[in-house]
Ligand code: C2E
Ligand code: MG
Ligand code: MG
């Protein structure tokens, strides 16, 4: 941009250098060509742009072209053909085309889209116009006015020049106020151009009225600067279309804008008065008009500010998505109500599996769900109850009706659970609801804690339930919080351990794989089983860290194990880990770091996570395409229907231990399971029976055709080094 400005200024230099030489005559013709070129660039910019900007640049281009043609007409006749051009003539029409078309163009280019922005800009324009008129009057217009002219038309046209300059200067100030960001450079070029034009024009006027003007004098440099700058601005505008910005908030520069020229005009008039000069209506009337306009502008700003304040107040206390109150509103009202000491109940509500809705149906669908929940909450409570969305999928209600709350909570759950449409899908949401009551004065913080505990208790009871706060809940809560903190500590210090259990062929007890099982050596509780700490990790939101920690350790230990060549490593993954889109990439990186092949890894996912259309399935397919194998864990305890089994991206089915025990007791169950292997085989799945504890079970499964098994019979979960490659029982 600096280079462009320098180029524009440089364009004036030859004019100054040639001003007293014979070549000066030709600078007139050159300035015509330059103006026409700027006009063409304006049209080219218009072709590339759309909307107001398109018309604006076309008009500005038209203005330049008009000036260029008018100047060409004059120079050709005066300087080349030496025929005197009368005043006014076609040339003047051309010259005056620039302020008329240019001002209209700049108005459009400024692109004030809102009515308010347009009003402000109009007021600013009028104020600046009044002020510049006063200055212009004192500098040039008065002399033209007083000189008079031969005819009325000539008089009007000679006045039109200084007035046109005032209009252009006003537009330049407005463009400057408008400019920000990328548009600033373009604005600088436009202002430079208009300044060049105004300066040269004023000088021309002063010189002609003094009779000292001669063709090609150095003040004509301004015309060159003007059209180089306007051409460059058009070129830049086509390349970097300016972004629109009139977001209601005025920059400091825009607020101060009209006062600067107005101050200037007032000082000029004051200077004249003090200096004993004449001051008449042409100075005083626009000055007074400007003053009235400034008052109007002040009033408009005041009105606008009060609207803004109201809007900001609303935004500060409301949730934009649901239109309910927000956390700030809820907290404030809770404190006020509690301070008054009237009985009050707080209901907290957390949607069940909202993350799944968001992840599988998308955020837009998530928004629809939240809005629907908001509407249903409104329907369930009274208008004077405070209903707020605290954030995410958490809602809260503050009500003075403290009787019959359990019934109210049941009604709320039933209402929320009704299915509704999101696009083409039918969605049903459940929620965990906690309720706590303050019958007398109480700290807001304590009541909030109570209702939180009730909600956690509801969550722990299963989905779509409510719980009323009871004092005994505090103990359980403290335990959970302590557990979470300790688990985070354990993760931070890499204190999670992994033990391994062999997976063997039932026929000859050959170790074909090892399953990694996470262990948490708690400082004073001892070994905490995964069934306890994995859910805690899920609730605390650190399950991904647990997963990565186990994965890293198991891969490293397995890679260093001598049996790694003949056996696979099986690792449990929880569904929420699978929902992380970066999981497959993490697995690939970690495998590479451990120097293992994808075929050496099996990932186990519980059957219960594989409900139809679950997003987990997509991740499984992706993982499987990299060569990692997938096992369906705890088969028989979830609800993956046999109908869908062949569509699951899996390689191995792990029959749950409870099933295995059933077979031993119940011959009918045995017959059913006996046919399962054939089914699995037909769809390319291989089976592993879990929880084998005695040889009779193993024998029976072997006879039923099950190829592999895992259980205390073949080894307890233990450090990898203690697993013999051949099972100790047969090795002995
Ligand atoms: P699972 O994947 O079904 O693992 C087998 C569980 O059965 C293990 O319990 C194992 O110790 C136990 N088991 C093995 N043989 C026998 C037997 O003969 N009889 C009986 N009664 N039990 C047997 P563990 O280690 O307590 O793990 C429990 C569950 O925790 C695992 O079930 C798995 O779902 C989960 N889990 C373990 N480690 C991780 C992990 O790193 N990440 C995740 N997300 N889950 C894990
Ligand atoms: Mg497992
Ligand atoms: Mg299992």
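The values are calculated or read from the model by the stated rules, or taken from the named source; none is laboratory data. Every value quoted in this text rests on a predicted model; they were computed, and no experiment measured them. Neighbour counts are summed over all protein chains in view; Cβ atoms, including those assigned to glycine, are modelled from backbone coordinates with ideal geometry.
Return only the number of the condition from (1) in a strand (DSSP E or B); (2) within 22 Å of residue 718 (Cβ to Cβ); (3) within 16 Å of ligand 3 (Cβ to nearest atom) that residue 605 does not satisfy.
Here residue 605 meets the rest and fails (2).
Picking from 503, 512, which residue would you name as being more than 13 Å from ligand 2 (Cβ to nearest atom), within 18 Å of residue 571 (Cβ to Cβ), assigned by TED's automatic domain parsing to the domain that holds residue 539 and touching a strand residue (DSSP E or B) at 6+ places or on another chain (Cβ under 7 Å)? If you could, list the steps in order and put the result at the bottom.
Working: 503 fails: more than 13 Å from ligand 2 (Cβ to nearest atom).
After applying the criteria, what remains is 512.
Looking at region 541-590, which of its residues are modelled with pLDDT of 90 or more, within 11 Å of ligand 1 (Cβ to nearest atom) and part of a helix (DSSP H, G or I)?
543, 544, 546, 547, 548, 549, 550, 551, 553, 554 - these are the residues of region 541-590 that are modelled with pLDDT of 90 or more, within 11 Å of ligand 1 (Cβ to nearest atom) and part of a helix (DSSP H, G or I).
Condition check ((1) touching a helix residue (DSSP H, G or I) at 6+ places or on another chain (Cβ under 8 Å); (2) closer than 30 Å to residue 362 by Cβ; (3) surrounded by fewer than 17 Cβ atoms within 10 Å (Cβ to Cβ)) across all residues:
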position: 412; (1), (2), (3): yes, yes, no
position: 439; (1), (2), (3): no, no, yes
position: 447; (1), (2), (3): yes, no, no
position: 481; (1), (2), (3): no, no, yes
position: 486; (1), (2), (3): no, no, no
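State whether one or more residues within region 519-531 are within 16 Å of ligand 2 (Cβ to nearest atom) and part of a strand (DSSP E or B).
Narrowing region 519-531 to residues within 16 Å of ligand 2 (Cβ to nearest atom): 519, 529-531.
Right, trim to part of a strand (DSSP E or B) and you get 519.
Yes; the residues of region 519-531 include at least one that is within 16 Å of ligand 2 (Cβ to nearest atom) and part of a strand (DSSP E or B).
Taking region 377-403, which residues are more than 29 Å from residue 440 (Cα to Cα) and buried (at least 18 other Cβ atoms within 10 Å of the Cβ)? Steps first, answer last, please.
Taking region 377-403 as the starting set, the residues that turn out to be more than 29 Å from residue 440 (Cα to Cα) are 392-393.
The one that is more than 29 Å from residue 440 (Cα to Cα) and buried (at least 18 other Cβ atoms within 10 Å of the Cβ): 393.
Restricting to region 639-655, what's the tally of residues that are at pLDDT 90 or above and either closer than 15 Å to residue 676 by Cβ or surrounded by fewer than 13 Cβ atoms within 10 Å (Cβ to Cβ) (or both)?
5
If you check 373, 429, which single one turns out to be touching a strand residue (DSSP E or B) at 6+ places or on another chain (Cβ under 7 Å) and assigned to a helix (DSSP H, G or I)? I'd like the intermediate steps shown before the answer.
On the way: 429 fails: assigned to a helix (DSSP H, G or I).
Just a single option satisfies the conditions, and that option is 373.
Could you tell me whether region 10-24 includes any residue that is without any contact (Cβ under 8 Å) to a residue 60 or more places away in the chain, surrounded by fewer than 17 Cβ atoms within 10 Å (Cβ to Cβ) and within 46 Å of the chain's Cα centre (by Cα)?
Yes, the conditions are met somewhere in region 10-24.
Is it the case that some residue within region 38-61 is in the same structural domain as residue 162 (by TED's automatic domain parsing), over 42 Å from the mean Cα position of the chain (by Cα) and in contact (Cβ under 8 Å) with a residue 40 or more places away in the chain? First the steps, then the outcome.
Kept after step one, since they are in the same structural domain as residue 162 (by TED's automatic domain parsing), are these residues of region 38-61: 38-61.
Checking which are over 42 Å from the mean Cα position of the chain (by Cα) leaves us with none.
No; the residues of region 38-61 include none that is in the same structural domain as residue 162 (by TED's automatic domain parsing), over 42 Å from the mean Cα position of the chain (by Cα) and in contact (Cβ under 8 Å) with a residue 40 or more places away in the chain.
Output the number of the condition that residue 365 fails; it satisfies all remaining conditions of (1) under 22 Å from residue 437 (Cβ atoms); (2) outside any loop (DSSP other than H, G, I, E, B); (3) in contact with a strand residue (DSSP E or B) (Cβ under 7 Å, 6 or more places away or on another chain).
(1)
Which of the residues belonging to region 676-709 are on the phi < 0 side of the Ramachandran plot, touching a helix residue (DSSP H, G or I) at 6+ places or on another chain (Cβ under 9 Å) and away from ligand 1 (no atom under 16 Å from the Cβ)?
Matches in region 676-709: 676, 677, 679, 680, 683, 685, 686, 703, 704, 707.
Scan region 575-592 and give yes if some residue there is within 15 Å of ligand 2 (Cβ to nearest atom), in the same structural domain as residue 692 (by TED's automatic domain parsing), free of Cβ contacts under 8 Å to residues at least 60 places away in the same chain and surrounded by fewer than 21 Cβ atoms within 10 Å (Cβ to Cβ), otherwise no. Spell out how you get there, then give the answer.
Kept after step one, since they are within 15 Å of ligand 2 (Cβ to nearest atom), are these residues of region 575-592: 575, 577-578.
From what's left, in the same structural domain as residue 692 (by TED's automatic domain parsing): 575, 577-578.
Filter again for free of Cβ contacts under 8 Å to residues at least 60 places away in the same chain, leaving 575, 577-578.
Those left that are additionally surrounded by fewer than 21 Cβ atoms within 10 Å (Cβ to Cβ): 575.
Within region 575-592 (the criterion being within 15 Å of ligand 2 (Cβ to nearest atom), in the same structural domain as residue 692 (by TED's automatic domain parsing), free of Cβ contacts under 8 Å to residues at least 60 places away in the same chain and surrounded by fewer than 21 Cβ atoms within 10 Å (Cβ to Cβ)), the answer is yes, since at least one residue qualifies.
Kindly evaluate residue 549 against the criterion of being over 30 Å from the mean Cα position of the chain (by Cα) and buried (at least 16 other Cβ atoms within 10 Å of the Cβ). Full working, then the answer.
Numbers: over 30 Å from the mean Cα position of the chain (by Cα): yes; buried (at least 16 other Cβ atoms within 10 Å of the Cβ): yes.
Considered against the rule, which asks whether it is over 30 Å from the mean Cα position of the chain (by Cα) and buried (at least 16 other Cβ atoms within 10 Å of the Cβ), residue 549 comes out as yes.
Against the condition under 33 Å from the mean Cα position of the chain (by Cα), closer than 25 Å to residue 480 by Cβ, touching a residue at least 12 places away in the same chain (Cβ under 8 Å) and assigned by TED's automatic domain parsing to the domain that holds residue 351, how does residue 430 come out, does it pass? So that I can check it myself, show each step before the final result.
Values: under 33 Å from the mean Cα position of the chain (by Cα): yes; closer than 25 Å to residue 480 by Cβ: yes; touching a residue at least 12 places away in the same chain (Cβ under 8 Å): yes; assigned by TED's automatic domain parsing to the domain that holds residue 351: yes.
So residue 430 fits the description; yes.
If a residue has to be touching a residue at least 60 places away in the same chain (Cβ under 8 Å) and either within 16 Å of ligand 2 (Cβ to nearest atom) or not in a helix (DSSP H, G or I) (or both) to count, how many in region 608-619 make the cut? Working first, answer last.
Residues of region 608-619 touching a residue at least 60 places away in the same chain (Cβ under 8 Å): 613-615.
Subset that is either within 16 Å of ligand 2 (Cβ to nearest atom) or not in a helix (DSSP H, G or I) (or both): 613-614.
The total comes to 2.
Can you tell which of 604, 599 is at pLDDT 95 or above and near ligand 1 (Cβ under 9 Å from one of its atoms)?
Details: 599 fails: near ligand 1 (Cβ under 9 Å from one of its atoms).
Being at pLDDT 95 or above and near ligand 1 (Cβ under 9 Å from one of its atoms) holds for just one of 604, 599, which is 604.
Specify which of the listed residues (536, 528, 532) is crowded, with 18+ Cβ neighbours inside 10 Å, without any contact (Cβ under 8 Å) to a residue 12 or more places away in the chain and farther than 22 Å from residue 651 by Cβ.
Sole residue among the options that is crowded, with 18+ Cβ neighbours inside 10 Å, without any contact (Cβ under 8 Å) to a residue 12 or more places away in the chain and farther than 22 Å from residue 651 by Cβ: 528.
Quick one: is residue 470 at pLDDT below 95 and part of a helix (DSSP H, G or I)? Talk me through it step by step, then tell me what you get.
On the way: at pLDDT below 95: yes; part of a helix (DSSP H, G or I): no.
Here the answer is no, as residue 470 does not meet what is asked.
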